[in-house]
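J.: Please find one structure pasted underneath; my questions will follow.
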Amino acid sequence: MSLSDLLEEVRARPLPRHVALIMDGNGRWAKARGLPRTEGHRQGALAAERLIRFVGNEKLFPYLTLFAFSTENWNRPREEVEFLFRLLERFIREKLRELSEAGVRLSVLGDMATIPRSLKRSLSEAIEATKGNDTLHLTVALNFGGRWAVLEAARRAVARAQAGELSPEALTEGAFRALLPTAELPDPDLIIRTGGHMRLSNFFLWEAAYAELYFTPTLWPDFDEEALLLALREFQGRTRNFGRVIT
């Protein structure tokens with residue numbers, strides 16, 4: 001089946017609103033080719049660029065979240081971490097105009113306290129430059145962890161309670177959801193993880209309660225437009241009842 005035929009098939013059925021991607025396998029992709037891990041990350045950035053462009057151009061869904069750097073990734077070698085930050089900064093600076101002209105709105109999700117100053121500046125400029133766009137809401141999860149997000153919401157709840165602004169009775173599931181750093185995003189309908197591992201690795205924990213999970217052995221640099229469409233087709237074949245009985 002050609003890519004255009006697959007795209008037509010996927011368009012004919014309901015599509016998710018929010019797709020989140022755990023981009024795994026850059027290092028293994030490079031190792032299999034006798035290349036340094038940095039080259040794997042470079043190719044992974046190109047894969048992300050292709051995917052963002054494809055989703056935006058085809059208007060497949062309005063929300064796309066990319067898990068770029070987790071709170072646990074600080075345990076990697078310092079040189080690799082610094083390379084990842086430089087790679088992201090260069091991508092933002094070089095592609096900002098294209099993203100903005102394509103109607104992409106950029107936002108960042110995560111703890112920015114320890115992110116390099118130059119990268120934070122580039123992110124802030126990109127967020128400001130694209131804030132009026134509405135074709136695709138692209139969120140980069142950077143120094144993000146699901147446990148961090150839940151703890152952050154708990155801290156906010158405690159602070160509001162101490163200020164007399166929140167009672168125990170008022171702390172409903174919805175109220176707590178509104179305190180999460182992800183509050184402005186709809187819960188993901190589909191979470192895709194590349195690279196073969198079948199776990200969330202501290203990504204969206206609260207938000208993934210009713211997300212459909214899709215795992216593929218394809219390493220991230222090889223995850224292309226066809227691979228995304230196949231994931232969407234698999235999603236469309238599932239029944240989502242959210243705990244209800246469907247008769």
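J.: Among 163-175, 144-156, how do they line up by average Cβ neighbours within 10 Å per residue, starting with the highest?
T.: 144-156, 163-175
J.: Using a 1.4 angstrom probe on the protein heavy atoms only, could you order M1, M112 from most to least accessible area?
T.: Heavy-atom accessible area, descending, gives M1, M112.
J.: Could you work out what % of the accessible surface of the chain is carbon and sulfur, using a 1.4 angstrom probe and leaving DNA, RNA and ligands out of the count?
T.: Heavy-atom surface of the chain belonging to carbon and sulfur, 1.4 Å probe: 51 percent.
J.: Okay, moving on. Can you give me the C-alpha center-to-center distance between region 84-138 and region 168-184, rounded to a whole angstrom?
T.: Between the Cα centres of region 84-138 and region 168-184 lies a distance of 27 Å.
J.: Principal axis extents for region 179-223, Cα atoms only, whole Å, descending order, please.
T.: 35, 17, 17
J.: If R0 is 22 Å, what FRET efficiency do you get for K131 and R160 from their C-beta distance, rounded to 0.05?
T.: Efficiency at R0 = 22 Å is approximately 0.25.
J.: Rounded to the nearest 20 debye, what is the charge dipole size of region 52-94 about its Cα centre when +1 sits on each Lys and Arg Cβ and -1 on each Asp and Glu Cβ?
T.: I would put it at about 140 debye.
J.: Kindly report, to the nearest 10 Å², the accessible surface of S201 as traced by a 1.4 Å probe over protein heavy atoms only.
T.: That residue has around 50 Å² of solvent-accessible surface.
J.: Sticking with this structure for a sec: Report the rotationally averaged projected area of region 10-54 based on its alpha-carbon convex hull, in square nanometres.
T.: 4.0 nm²
J.: Along Cα→Cβ, 7 Å out, is where each label goes; now give me the distance between the ones at R238 and E94 in nm to one decimal.
T.: Here the answer is 3.4 nm between the modelled labels.
J.: At a probe radius of 1.4 Å, what is the per-residue accessible area of Y210, in Å² to the nearest 10?
T.: 120 Å²
J.: Still on this structure, I have one more. Mind checking the full-extension length gain between R117 and R177? Use 0.36 nm per residue of separation minus the Cα-Cα distance, one decimal, nm.
T.: Roughly 18.6 nm would be gained on extension.
J.: Something else: Kindly work out what percent of the DSSP beta bridges joining two residues of the chain are antiparallel, to the nearest 5.
T.: Antiparallel: roughly 0 percent of the beta bridges in the chain.
J.: Where a ≥ b ≥ c are the square roots of the eigenvalues of the C-alpha gyration tensor, would you call region 192-247 rounded, which needs a/c under 1.5, or, failing that, prolate if a/b is larger than b/c, or oblate?
T.: oblate
J.: Same structure again: Roughly how much of V81 is accessible, in Å² to the nearest 10, using a 1.4 Å probe?
T.: Its accessible surface works out to 10 Å², give or take rounding.
J.: Can you tell me what the convex hull of the Cα atoms of region 1-111 projects to on average, as an area in nm²?
T.: Mean orientational projected area (region 1-111, Cα hull): 8.6 nm².
J.: Here's another thing I want to ask about it. Per residue, how much accessible area does the chain have with a 1.4 Å probe, in Å²?
T.: 52 Å²
J.: From Cα coordinates alone, what are the radius of gyration and Dmax values for the chain in angstrom?
T.: In order Rg, Dmax, the Cα atoms of the chain give 18.7, 61 Å.
J.: Highest mean first, how do 137-143, 223-229 rank when packing is the count of other Cβ atoms within 10 Å averaged over residues?
T.: Averaged packing, sorted descending, gives the order 137-143, 223-229.
J.: Continuing with this model, one more query. Mind jotting down a quarter of the surface of the convex hull over the alpha carbons of region 51-149, in square nanometres, one decimal?
T.: Over all viewing directions, region 51-149 projects a mean Cα-hull area of 6.3 nm².
The values are calculated or read from the model by the stated rules, or taken from the named source; none is laboratory data. Every value quoted in this text rests on a predicted model; they were computed, and no experiment measured them. Using ideal geometry, Cβ is built from the backbone for each residue, glycine included, and neighbour counts are taken over all protein chains shown. Heavy atoms of the whole protein, side chains included, go into the accessibility calculation; ligands, DNA and RNA do not. Shrake-Rupley method; radii C 1.70, N 1.55, O 1.52, S 1.80 Å.
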